[in-house]
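A.B. asks: This is the structure, below, for whatever I ask next.
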Amino acid sequence: MTPLVVPGTANRPVAAAVCDALGAEPASCAIDQFPDGELRPVVDRVRGRDVYVVQPTAPPVSEHLVELLLLLDACRRGGSTRITAVVPYFGYARQDRRLLEGQAVAARVCVEALRSAGADRLVVVDPHTTALEAMCQMPAELLTAEPLLAAAVADGIDPGTVVVAPDLGAAKLAERYAAALGATVALVQKTRLGGGKVAVRDLAGEVSGRPSLIVDDMVSTGVTIEAAIGALRARGGGRGVTVVATHGVLVPGALERIARAGARRVVLTDTVRVPANTSADLAIEVCPAAPLLADAISRLHRDEPLDGLRLVI
Ligand code: R5P
């Protein structure tokens, strides 16, 4: 029997592409809604099946999270033999520790909620924090889209390009891209002042006169990229900027902000649905995540290892 994909509503095109790649029909799954907004999902014929609920917790993050939880519970109560939560983009992963007294560790709350709703295991692509795995009491498979993104950007970056980590959290990511592309690295020291506000304290590395490739796990408001381009410009760099990230969370206005800041090319996967590009000055390239997800699902279904797909840091 083939694996059964249960598509949530957060990214139906990706779930459909996963099914195409697997040569499998998706489960019939209706998400009704009460007039007050309460979700009421109904899944059909999941009894006795090895089920993969595909749902990135993309914006609106909390609504998609609740929908995922309800789908997992519906599959468990519907008699699925094994349930995998496939969360290509895992929202709340940035809250993996308390920075201030009084905060929650939201990432842990979310993985625990998935488990108690019925997930037997979790599949995530390039999570903001690899600590997610340690937080999870169920097996978590952390996949990476880096090889496919690196291959996409390699085609089209100029000689002498410097790979830029827009904050210290992206330093290792920048090193991996630089190793794949035979490039050097520059590091921006960023401080986050709020959800949509950051400040740059310093930049280390030789950037003057050189094209830049800014790498990150996700782009949300775009302020991190904007600040990094500003720091590059202040040191004579920042021309011909390409941005590469796995998750284009892209809240309204983000693409415009990045274009205004001077980025000319953005390379993303479609773990989160990429909005229409309204900026003529910005080229957006999308690397489909479905082949990676389908390969992982197919191997997990056959109880085979995920060598070559996993994020290794
Ligand atoms: C933060 O540590 C992440 O890696 C990203 O740099 C950040 O979440 C991007 O968000 P924004 O686009 O809102 O700056």
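A.B. asks: Taking the Cα centre of the chain as the origin and placing charges on Cβ (Lys, Arg +1; Asp, Glu -1), which of V111, T9, P41 is farthest toward the positive end of the dipole?
C.D. replies: V111
A.B. asks: For a Förster distance of 51 Å, can you work out the FRET efficiency between the beta-carbons of A104 and D281, rounded to the nearest 0.05?
C.D. replies: The computed FRET efficiency comes out at 0.80.
A.B. asks: Suppose each label sits 7 Å from its Cα in the direction of the beta carbon; what would the R97-S208 distance come out to in nanometres?
C.D. replies: Here the answer is 3.5 nm between the modelled labels.
A.B. asks: So what is the relative contact order for the stretch 122-228, in percent, with contacts set as C-alpha pairs under 8 Å and at least six apart?
C.D. replies: Answer for the stretch 122-228 is 25 percent.
A.B. asks: What is the sum of charges around V312, taking Lys and Arg as +1, Asp and Glu as -1, for the other residues whose C-beta is under 14 Å from the C-beta of V312?
C.D. replies: -3
A.B. asks: I need to check one value: relative contact order of the stretch 10-168, counting alpha carbon pairs closer than 8 Å and at least 6 residues apart, in percent.
C.D. replies: Normalised by residue count, the contact order of the stretch 10-168 is 16 percent.
A.B. asks: Something else about it: For a quick protection proxy, order the peptides 172-180, 227-235 by their average other-Cβ count within 10 Å, most packed first.
C.D. replies: Sorting 172-180, 227-235 by mean packing, highest first, produces 227-235, 172-180.
A.B. asks: Taking the number of other C-beta atoms within 10 Å as the exposure measure, put D217, D281 in order starting with the fewest.
C.D. replies: D281, D217
A.B. asks: Roughly what % of DSSP beta bridges within the chain run antiparallel, to the nearest 5?
C.D. replies: Once the DSSP bridges in the chain are tallied, antiparallel ones form about 25 percent.
A.B. asks: Do any GluC sites (Glu not before Pro) in the stretch 204-313 lie in a DSSP loop with no more than 15 other beta carbon atoms within 10 Å, and if so, which?
C.D. replies: When the GluC sites (Glu not before Pro) of the stretch 204-313 are filtered for loop state and at most 15 Cβ neighbours within 10 Å, E206 remain.
A.B. asks: Who wins for biggest fluctuation among A16, A104, A117 in a Gaussian network model of the chain, springs between alpha carbons below 10 Å?
C.D. replies: A104
A.B. asks: Moving to a separate point now. Taking the chain as a Gaussian network, where each spring joins two C-alpha atoms under 10 Å apart, which residue of G209, G102, G196 fluctuates the most?
C.D. replies: G102
A.B. asks: Place a label point 7 angstrom from the Cα of S116 along the Cα-to-Cβ direction, then list the residues of the stretch 77-109 whose backbone nitrogen is under 15 Å away.
C.D. replies: 105-109
A.B. asks: Using the Cα gyration tensor of the stretch 163-287, with a ≥ b ≥ c the square roots of its eigenvalues, what is the shape: rounded (a/c below 1.5), prolate (a/b larger than b/c) or oblate (neither)?
C.D. replies: Rounded shape, in that the Cα axes give a/c under 1.5.
A.B. asks: Can I ask one more? Filter the trypsin sites (Lys or Arg not before Pro) in the stretch 239-313 down to the DSSP loop ones having no more than 14 other Cβ atoms within 10 Å, then list what survives.
C.D. replies: R302
A.B. asks: Would you kindly state how much longer the chain becomes between R12 and R201 on full extension, computed as 0.36 nm times their sequence separation minus their alpha carbon distance, in nm to one decimal?
C.D. replies: 64.0 nm
A.B. asks: State, as an integer percentage, the relative contact order of the chain based on alpha-carbon contacts under 8 Å between residues 6 or more apart.
C.D. replies: 14 percent
A.B. asks: Could I ask something else about it? Taking the Cα-to-Cβ direction at I313 and at T81 and moving 7 Å from each Cα, how far apart do the two end points lie in nm?
C.D. replies: 3.5 nm
A.B. asks: Treat each spin label as a single point 7 Å out from the Cα along the C-beta direction, and report the S28 to L306 distance in nm.
C.D. replies: Distance between label points: 3.1 nm.
A.B. asks: If you don't mind, there's one more thing I want to ask. Name the residue, out of L168, L39, L193, whose mean-square fluctuation peaks in a Gaussian network model built on the chain with Cα pairs under 10 Å.
C.D. replies: Between L168, L39, L193, it is L193 that shows the largest mean-square fluctuation.
Read-outs throughout are calculated quantities, based only on the coordinates presented, and are distinct from any laboratory measurement. These numbers were taken from a predicted model, which means no experiment stands behind them. Cβ: placed from backbone, ideal geometry, glycine included. Neighbour counts: every protein chain shown.
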